[in-house]
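A short write-up of the structure that comes next.
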Amino acid sequence: MILNKKILNKEEEAKLKERVVQFENNTGAELVLVVAKESDPYPGAVLRSSIFLAFFTTLLLSYFIEFGYSYLYILCQLILTFLFLPLSRLRLFKSWALVDSEVEREVQEKALEVFFTHCSEKASHSNETLIYTSLYEKRIEVLVGKNIKEKITQADLEEIVLKVKEGFTQKSYLKAYEDGLAALEEKLLAAFPEKVSQSGADELSNNVLWL
């Protein structure tokens, strides 16, 4: 499991920081790497999980206990739903109650929030790039600033995502990011032969941001 610890050790973080600096010098774009434990607490999934557990438990109890009145079934399920809420917050129980569309929406929204908070609002230009990783959902998003978006397509960004995912599948996390950066750098140099920007501004942190 990688949910409760960092996927990179200090030495790997240092190497990745150096690679980020090199990437920025080569392309003229700024890069932020963000790793989040999860993008949302998913209260809907927690509630769905709790309701199912309560329903299953009530059904099981009905084989051993004879409820004198039909409303007691509903009352029992209601009480158990509240009792199971803390248990349903555990990732093990919450995971199976997640809906793909819900996960996709929350990850995209969180990635956008992080992009505006840690990139757009802190930079005086629109040459930012963001690689956002959400560990719990196993999702990766690549976002770019306005200037870069004019020449880099969504299909190009999806290629970067696939590069990073390949390394994650092999549990080679440093290599995953290095391959992703190399692919993104190649795309940027092809789209901007004379660099995205000649200003050389370094306004954003080069360290991995852990959320």
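The values are calculated or read from the model by the stated rules, or taken from the named source; none is laboratory data. As the structure is a computational prediction, the values presented were derived from the model and not from experiment. Every residue, glycine as well, gets a Cβ built from its backbone with ideal geometry; the counts of neighbours run over all protein chains shown.
Of all the residues in region 180-211, those that are surrounded by fewer than 17 Cβ atoms within 10 Å (Cβ to Cβ) and either in a helix (DSSP H, G or I) or small (Gly, Ala, Ser) (or both) number 9.
Looking only at residues that are among the hydrophobic types (A, V, I, L, M, F, W, C) and under 16 Å from residue 37 (Cα atoms) in region 71-97, which one is surrounded by the fewest Cβ atoms within 10 Å (Cβ to Cβ)? Steps first, answer last, please.
Kept after step one, since they are among the hydrophobic types (A, V, I, L, M, F, W, C), are these residues of region 71-97: 72, 74-76, 78-80, 82-85, 87, 90, 92-93, 96-97.
Among the residues that remain, those that are also under 16 Å from residue 37 (Cα atoms) are: 90, 92.
Working: 90: 11, 92: 9.
Only one residue tops the list, namely 92.
In region 142-171, how many residues are more than 20 Å from residue 27 (Cα to Cα), of a type outside the set (Gly, Ala, Ser) and touching a helix residue (DSSP H, G or I) at 6+ places or on another chain (Cβ under 6 Å)?
So in region 142-171, the residues more than 20 Å from residue 27 (Cα to Cα) come out as 162, 165-171.
With of a type outside the set (Gly, Ala, Ser) added as a condition, the list becomes 162, 165-166, 168-171.
Keeping just the survivors that are touching a helix residue (DSSP H, G or I) at 6+ places or on another chain (Cβ under 6 Å) gives 168.
Going through region 142-171 one residue at a time, the tally reaches 1.
Filtering region 17-62 to residues that are surrounded by fewer than 19 Cβ atoms within 10 Å (Cβ to Cβ), β-branched (Val, Ile, Thr) and farther than 30 Å from residue 194 by Cα leaves 51, 57. Among residues of region 18-32 that are in contact (Cβ under 8 Å) with a residue 24 or more places away in the chain and at positive phi, those with a Cβ under 8 angstrom from a residue that is surrounded by fewer than 19 Cβ atoms within 10 Å (Cβ to Cβ) and among the small types (Gly, Ala, Ser), sequence gap 6+ or separate chain, pair up as 28/197; 28/199; 28/200. Filtering region 172-211 to residues that are of a type in the set (Ser, Thr, Tyr), over 13 Å from residue 29 (Cβ atoms) and touching a residue at least 24 places away in the same chain (Cβ under 8 Å) leaves 173, 177, 205. The residue of region 146-170 that is surrounded by the most Cβ atoms within 10 Å (Cβ to Cβ), among those that are outside any helix (DSSP H, G or I) and free of Cβ contacts under 8 Å to residues at least 40 places away in the same chain, is 152.
Kindly indicate whether residue 137 is farther than 16 Å from residue 22 by Cβ, at pLDDT 90 or above, surrounded by 17 or more Cβ atoms within 10 Å (Cβ to Cβ) and in contact with a helix residue (DSSP H, G or I) (Cβ under 6 Å, 6 or more places away or on another chain).
Values: farther than 16 Å from residue 22 by Cβ: yes; at pLDDT 90 or above: no; surrounded by 17 or more Cβ atoms within 10 Å (Cβ to Cβ): yes; in contact with a helix residue (DSSP H, G or I) (Cβ under 6 Å, 6 or more places away or on another chain): yes.
Judged against the criteria, residue 137 is not a match.
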